[in-house]
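Right, one structure below, let's go through it.
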Amino acid sequence: MDLTFTTYTLSNGITVIVKENHHAHSVVVRSYLQGGANLEKVDEIGLASFTTSAMRRGTQKHTYTEINEIVESVAASVYVNTGRHLTGFGGKSLAEDFKLLIELMTDNLLCPTFPADEIEKLRGQIITDLKEDEDDTRTLAGRYFREMLYTFDHPYGRPIDGTLKSIPGLTRDDLLGFYHQLHPQAGIVVVVGDITGAQVYQTLEATLGQWQPDHSPPDTTLPPPRPLTETAQCMHPMENKSQADLVLGWMGPNRRADDFYAAYVGNTILGQLGLGGRIGQSVRDTEGLAYYVNSNLQGGNGPGPWFAYAGVNHAGIGKAVSLILAEIRRLRQEPVTDQELADAKAYLTGIMPLQMETNEGVASILLDMQLYKLGDDFISRYPDIINAVTKAEIQAASQKYLDEKVYALSIAGPNFEG
């Protein structure tokens, strides 16, 4: 696999990556700035998400209604959002509307006015969504799992969208305070589509490149979360439900860790291949206990969670947990089989070419390459990286990160015993 691209640097230091694709007459822009929910204080949960959503609600040039009308008139999209470490912005349009896309994108980013009436409308929508989450077993199981694994004192343990307690108390000044921390330093813009690198650079330099804030970039460093020393369990009873959702897991490797790919292949065998890997075969297919069951590895800037999750009839929760832990024990104690390893490698090397078939997929890969410093030749090296993973490395990663005796377990649904 090969992915040639061109790199530019704007006057304010933002790196621009351009991948020309003249087979699709559209352009995708994906970008990020340093700083997201990791900049929030413990009493400001949801501030980053609230702020970035509000940035699109009106600018010095356009009202929220006008922005939507312009975007819809050319069948484009423009967004600003946030994650735990980053603030993202970008959009998509036809190639002929690229300049308009950039104008709208930079207008949202650099000139938001945070209209008071729109802030209150947005607050109401967020609160409505949070109330709906309170009735969703899967959402609640995931929320309490993170809180137990990382604690509420660490940004990794808090919900990005905020809580019913925090959102009502956030003021317009709070939103402005977060917004004014944003800075172009270490920012990345990726553009993929039917456009030339020269066009992209000239357009971005004349707009985004003129952003020269007089404040320093925010301090985005975080203390490492403290690992669990004993099992933590939480049961959130919801008597109006017939199905329970559970999340069981640990802190995994970050994206740059030497053993990330060993864990990545191991997780594919554990809960991804087919209809849920080993745990799917055991919990769902053999015992019929789960509506769905999978595992996930979220390696990012920090030690993201490595976890199994399932939707289970409440009467079978105890047995489902025991079966998942049994598969964890087996992954730690026994090498995976030759067939499992071959199947996992074939799957993981096969999904990369599929991702590269769309401009959005290419942009996502290029962003990850920059964010995690994977190297400009990552795409060509990727098959060799995956194929080099050994049984012993998978077993070592499993022994390091997974523990059938110490874990976080969160359950939301009808009460149960056992």
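The values are calculated or read from the model by the stated rules, or taken from the named source; none is laboratory data. On a predicted model such as this, the values are computed, not experimentally measured, just so you know. All Cβ positions, glycine included, derive from the backbone under ideal geometry; neighbour counts span all protein chains shown.
Data overview
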quantity: In region 364-400, residue surrounded by the fewest Cβ atoms within 10 Å (Cβ to Cβ) [restricted to those that are within 14 Å of Ala344 (Cα to Cα) and among the β-branched types (Val, Ile, Thr)]; calculated: Thr390
quantity: Only one of Pro155, Pro184 that is within 30 Å of Leu101 (Cβ to Cβ) and either out of contact with any strand residue (DSSP E or B) (no Cβ under 7 Å at 6 or more places or on another chain) or surrounded by 14 or more Cβ atoms within 10 Å (Cβ to Cβ) (or both); calculated: Pro184
quantity: Residue among Thr128, Thr163 that is among the polar types (S, T, N, Q), in a helix (DSSP H, G or I) and modelled with pLDDT of 95 or more; calculated: Thr128
quantity: Those residues of region 319-357 which are modelled with pLDDT of 95 or more and among the β-branched types (Val, Ile, Thr), in sequence order; calculated: Val321, Ile324, Ile328, Val336, Thr337, Thr349
quantity: Filtered residue count, region 166-187, keeping only those that are in contact (Cβ under 8 Å) with a residue 24 or more places away in the chain and part of a loop (DSSP other than H, G, I, E, B); calculated: 10
quantity: Test: residue in region 261-272 that is under 30 Å from Lys391 (Cα atoms) and surrounded by fewer than 16 Cβ atoms within 10 Å (Cβ to Cβ); calculated: no
quantity: Close pairs (6 angstrom Cβ cut-off, 6 or more residues apart or separate chains): touching a residue at least 12 places away in the same chain (Cβ under 8 Å) in region 321-348, among the small types (Gly, Ala, Ser) and not in a helix (DSSP H, G or I) anywhere; calculated: Ile324/Ala308
quantity: Top-ranked residue in region 288-337 [being in contact with a helix residue (DSSP H, G or I) (Cβ under 7 Å, 6 or more places away or on another chain) and among the β-branched types (Val, Ile, Thr); ranked as surrounded by the most Cβ atoms within 10 Å (Cβ to Cβ)]; calculated: Ile324
quantity: Residue within region 394-403 that is aromatic (Phe, Trp, Tyr), touching a helix residue (DSSP H, G or I) at 6+ places or on another chain (Cβ under 7 Å) and within 16 Å of Gln333 (Cβ to Cβ) present; calculated: yes
quantity: Helices (runs of 4 or more DSSP H) (entirely within region 301-418) containing at least 2 residues that are farther than 30 Å from Thr15 by Cβ and outside the structural domain of Val192 (by TED's automatic domain parsing); calculated: 317-333, 338-355, 391-401
